[in-house]
1. Does the range 109-154 hold any residues that are away from ligand 1 (no atom under 12 Å from the Cβ), more than 24 Å from R253 (Cβ to Cβ) and of a type in the set (A, V, I, L, M, F, W, C), and which are they?
2. What pairs can you find where one residue is in the range 225-243 and at pLDDT 90 or above, the other is assigned to a loop (DSSP other than H, G, I, E, B) and open to solvent by 50 Å² or more (accessible area, probe 1.4 Å), and their Cβ atoms are less than 8 Å apart, with a gap of 6+ or different chains?
3. For the range 114-157, how many residues are in a helix (DSSP H, G or I) and open to solvent by 30 Å² or more (accessible area, probe 1.4 Å)?
4. Take V327 and decide whether it is surrounded by fewer than 15 Cβ atoms within 10 Å (Cβ to Cβ), among the aliphatic types (A, V, I, L, M), free of Cβ contacts under 8 Å to residues at least 40 places away in the same chain and at negative phi.
5. Of the numbered conditions (1) open to solvent by 20 Å² or more (accessible area, probe 1.4 Å); (2) within 12 Å of ligand 1 (Cβ to nearest atom), N245 fails exactly one; give the number of that condition.
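The values are calculated or read from the model by the stated rules, or taken from the named source; none is laboratory data. Since we're looking at a predicted model, the values are computed, not measured. Please note: Cβ atoms are built from the backbone with ideal geometry, for glycine as well, and neighbour counts cover all protein chains shown. For the accessible areas, the whole protein counts, side chains as well, though only heavy atoms, and no ligand, DNA or RNA atoms are used. Shrake-Rupley method; radii C 1.70, N 1.55, O 1.52, S 1.80 Å.
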Amino acid sequence: MIQLRKPVLYNGFEIKDGVKTINRLVHELSVDVYRLTNNNYLVLFIGIEIKDLRIANYDIIEVNVGDMTYPATILSKFSKSSLNKLVATATKKYGFSSVEGMHDLKEILINDVINPLRDSKKYAKFKVSIPNGILLFGPPGCGKTFIIRKLAEELGYNFMELKHSDVGSPYIHGTTISIGETFKEARANAPSIVFIDEIEGMVPKRDRLTSNSEYKREEINEFLMQLNDAGKQSVLVVGATNRPNLIDEAIIRTGRMDRLIYVSPPDLKAREELFKKFLSDRPIHNLDYHKLAWFSSNYSCADIEYISTEAAREAVKSDLDFISQEVLEKVIFKTPSSISKEELEQNEHFIGKQRR
Ligand SMILES: Nc1ncnc2c1ncn2[C@@H]1O[C@H](COP(=O)(O)OP(=O)(O)O)[C@@H](O)[C@H]1O
Ligand SMILES: [Mg+2]
């Protein structure tokens, strides 16, 4: 069985000899290139229709992923159905292709992070470096952790996570050593990313610390020091938080976390896509996704996941053959959004403060 791995190539990076036609195309088009076996590549074209494509030397095939059809070409012969299976399993869970909505955020990450890391020579030539740090903030359940995990899948080996619970050592100073070690490894693997989820735990506001948390102060100082030099050494620090107002402001000062990105609750279109995603593997009948999206304004992605699962459970319990619109609407109406007004306001207040 051939393993279809992550796209190993992206926008032309690492393309080997003998694939010149494709090489030219990848620079012009958005493609994912998968390595099927050592010498066989599958090139998946995204966002263009088959009739737009003219390639002289390769057969164009159609590959179905979910309800989308992508044009694709391979550099050796596989049967179309076996390829469809491979692509469906591989692309479903992998990378940005499984992220609904969040188009602006994906674009920022592709342009400012993925491309400079993948094509570091080209970017270095133009003296364009990755940002020093990126902070994602916004109400809970809206995909901050999720998109960074997907970014990790896109990037593969050069991704490290610094977990607050991991570094929290019972021995005083133990934590600062762990922070230092993580960054050391990140520098050794550079270009790379260090991700800190729920970063307010790692770097809380210092003026709120009690006098006996001296070690915590040291930890924050250590982190800030590492952060200062990170970008220059091709290490990108990414933090995520539901509660930006609890973070020590020193990390946001210019040059440290230099991109602040608000991850808002999903918009109407994204909610529609999320319902489709979470219901896609379940028996459904005659659903009006647009209406479901309308009814779930201000709900988080996690809420929509919960509602979909809950509706499935209701359908089984009531011995229905499928999940109906009625069941879903009922569940929506009895499930309040998990995003509190307070959380939303705190996050919006934080946006306002940064714009000053
Ligand atoms: N853009 C998205 N596309 C698909 N699923 C998503 C998306 N954003 C969030 N989810 C789902 O919602 C869940 C909660 O998101 P999460 O990243 O944990 O939120 P946050 O970190 O912002 O609190 C995820 O586990 C994932 O299943
Ligand atoms: Mg999270």
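1. Matches in the range 109-154: I110, I114, L117, A124, F126, A152.
2. From the range 225-243, the pairs are A240/E198; T241/E198; N242/E198.
3. So the first thing to find is which residues in the range 114-157 are in a helix (DSSP H, G or I), and the list is 114-118, 120-125, 144-155.
If we keep only those that are open to solvent by 30 Å² or more (accessible area, probe 1.4 Å) too, we end up with 118, 120-125, 145-146, 149, 153.
Here the count works out to 11.
4. Details: surrounded by fewer than 15 Cβ atoms within 10 Å (Cβ to Cβ): no; among the aliphatic types (A, V, I, L, M): yes; free of Cβ contacts under 8 Å to residues at least 40 places away in the same chain: yes; at negative phi: yes.
It is false that V327 is surrounded by fewer than 15 Cβ atoms within 10 Å (Cβ to Cβ), among the aliphatic types (A, V, I, L, M), free of Cβ contacts under 8 Å to residues at least 40 places away in the same chain and at negative phi.
5. For N245, the failing item is (2).
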